[in-house]
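What follows is a short report on a single structure.
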Amino acid sequence: MLSVLHIENIAVIEQADIVFDPGFNVLTGETGAGKSIVIDAISAILGERAYRDVIRTGCGKAFVSAVFTGVGELPWFAENRVDYDPGELLIQREIFLDGKNVCRVNGRPVTVALLKKLGLQLINIHGQHDSQQLFDEAYHLHYLDLFAHDEAELSAYGEAYAAVQKTRSEIERLSMDESEKLRRVETLQFQIQEIEAAQLQPGEDEQLESQRKRLQNGEKMKSGLCAAVDALYGGEDSDGACSMLTAAGRAVSALCRYDGSLEPLQTRLNDLSYALEDVTEELRTLRDDLAFAEDELERLEERLDVVHKLRRKYGATCADILEFLEKSRAELDEIAFASDRIEQLEKQLKKQEAAAEKAGLALRAARQKAAAELARRILTELAQLDMPKVQFVCQFEELPLSPGGMDNVRFLMSANVGEALKPMSKVASGGELARIMLALKNVLAEQDSVPTLIFDEVDAGVSGQAAQKVAEKLCAVAATKQILCVTHLAQLAAMADTHLYISKAVQNGRTYTSVTPLDREGRQREIARIIGGAVITETTLRSAGEMLRR
């Protein structure tokens with residue numbers, strides 16, 4: 001569960017430390033005091049998008065950290081090489097003015113995307129806009145799948161449907177009209193003939209470039225080789241290095257008769273002399289072989305021109321051009337035998353469609369079974385939320401093979417006795433919609449292991465007896481989950497185990513928001529304020545005290 005939330009420089013909150021307890025926690029305060037800022041801060045440490053606009057005016061960065069306790073050893077820790085601490089989980093996030101974010105989990109830096117994957121396993125936030133998703137029937141199938149836990153059936157169907165789509169795409173690619181086919185064949189034949197006529201070899205372009213460089217600098221190379229040979233062999237006016245080294249070896253050899261310690265030096269001089277003679281001989285061979293035909297450079301340039309023209313059309317290197325040639329030959333063969341291939345693919349497609357339909361029917365059966373149970377569970381929840389006469393069903397519409405299965409699902413309801421079942425957008429009021437979403441969230445929460453649920457003004461549009469029922473429901477859920485609830489209803493505030501008061505004040509020309517845990521007396525005054533507004537009377541205080549006692 002979420003135990004401690006630390007906030008620095010987010011909107012009007014300069015600094016706040018908020019301690020949450022197990023069970024039912026409520027946050028109350030005047031509109032605009034900063035309750036939603038606390039929820040935004042929690043969203044930030046869960047990896048949700050955080051804009052630099054949240055940074056308090058005049059500050060360079062914002063900082064949020066949270067301590068969670070009782071978190072199990074989720075696979076996420078091992079997958080991302082983050083140390084697991086059975087005692088506490090510490091998440092930190094810094095948000096800078098330049099848009100940069102720095103996130104850490106137990107001291108280890110992680111990306112925002114990784115943080116979000118962890119956050120989904122820690123807290124589920126239900127905001128005011130979530131209820132509007134019930135109006136969008138595109139979400140209904142998603143909610144049903146969440147309840148059904150039909151991941152295996154969805155995966156099997158997804159693989160079968162992907163195979164069908166792949167084969168359909170292949171058939172569509174091969175299916176072209178005769179005029180288009182003729183144009184493509186002529187293009188491929190021209191390209192193949194042009195490349196084949198050049199008789200390219202892999203790496204030929206690199207070899208030609210190297211040869212051209214040698215030919216273009218032939219005179220310089222010959223002059224340099226002659227100079228090197230003369231320096232080593234010597235000329236008419238001077239001895240070369242080889243002669244001088246040989247002479248040095250003879251001189252030392254003569255001295256060895258008087259000093260035997262010079263023999264190693266004589267050996268080394270002899271070795272150097274032999275090595276130098278080998279080098280000299282190789283250089284002389286290169287010099288003598290360095291002869292070029294007059295038209296060789298011209299022929300080389302003509303060949304390079306052919307290669308360059310092909311490179312501009314078909315690839316950056318000879319290897320790329322030859323690869324293009326093989327692909328063109330394969331495509332030409334494919335077009336030539338397209339009718340046969342299409343016939344094979346159509347037979348294959350029938351088998352794949354049959355397999356996909358079988359998987360789709362298995363998925364439908366799992367969904368229909370879950371739909372009946374979901375409707376029963378939601379009706380039970382709604383009865384406890386003061387909606388005992390409501391009717392709720394999951395309506396199925398059969399579809400052909402599609403990415404999400406062979407079903408379209410939408411939730412229908414009737415809020416009043418005698419009224420026909422209709423889409424939610426046509427019959428549900430704001431308060432009814434809030435309670436339906438709460439019922440759905442409660443049912444889904446029982447299916448997952450997320451330990452903390454946050455409800456941001458889930459009571460919007462609810463009042464009177466319905467509000468009391470919502471409070472009792474949240475209190476019941478808090479027996480097994482940690483609940484954080486932002487509310488403006490006295491009924492919810494009175495049921496809380498922990499009550500946090502959010503207030504705003506102006507000091508020295510700046511606005512500051514503070515978070516204060518309330519004792520029983522403080523809770524009584526805050527509930528009286530919610531009931532009666534700015535003027536708190538003895539009557540409203542007694543009413544608040546009665547709500548707390550009850």
Some residue of the stretch 53-66 being farther than 20 Å from Met1 by Cβ, in contact with a Lys or Arg (Cβ under 9 Å, 6 or more places away or on another chain) and loosely packed, with under 13 Cβ neighbours inside 10 Å: yes
Filter pass, Glu263 being farther than 20 Å from Gln211 by Cβ, surrounded by fewer than 16 Cβ atoms within 10 Å (Cβ to Cβ) and of a type in the set (Asp, Glu): yes
Test: residue in the stretch 13-30 that is part of a loop (DSSP other than H, G, I, E, B) and within 25 Å of the chain's Cα centre (by Cα): no
Residues of the stretch 62-94 satisfying the condition of being in a helix (DSSP H, G or I), free of Cβ contacts under 8 Å to residues at least 40 places away in the same chain and not charged (D, E, K, R): Pro75, Phe77, Ala78
Options Leu421, Leu412: the member that is in contact (Cβ under 8 Å) with a residue 12 or more places away in the chain, open to solvent by 30 Å² or more (accessible area, probe 1.4 Å) and over 24 Å from Val477 (Cα atoms): Leu421
Criterion violated by Thr267 - all others in (1) touching a residue at least 60 places away in the same chain (Cβ under 8 Å); (2) under 29 Å from Ala231 (Cα atoms); (3) not small (Gly, Ala, Ser) satisfied: (1)
In the stretch 93-115, the residues that are within 16 Å of Leu2 (Cα to Cα) and surrounded by fewer than 18 Cβ atoms within 10 Å (Cβ to Cβ): Asn106
Criterion violated by Gly158 - all others in (1) within 23 Å of Leu438 (Cα to Cα); (2) at pLDDT 85 or above; (3) within 23 Å of the chain's Cα centre (by Cα) satisfied: (1)
Residue ranges of strands (runs of 3 or more DSSP E) in the stretch 433-550 with at least 1 members surrounded by fewer than 19 Cβ atoms within 10 Å (Cβ to Cβ) and modelled with pLDDT of 85 or more: 498-507, 510-517
Any hit, the stretch 172-185, residues being closer than 27 Å to Ala338 by Cβ, not in a helix (DSSP H, G or I) and not acidic (Asp, Glu): yes
Test for Lys309: is it at pLDDT 90 or above, open to solvent by 60 Å² or more (accessible area, probe 1.4 Å), closer than 23 Å to Gly203 by Cβ and assigned to a helix (DSSP H, G or I): yes
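The values are calculated or read from the model by the stated rules, or taken from the named source; none is laboratory data. All figures in this text were calculated on a predicted structure; none of them were measured in a lab. When we count neighbours, we look across all protein chains shown, and the Cβ atoms used for this are built from the backbone with ideal geometry, even at glycine. The area values use the complete protein model at the heavy-atom level, side chains included, leaving out ligands, DNA and RNA. Shrake-Rupley method; radii C 1.70, N 1.55, O 1.52, S 1.80 Å.
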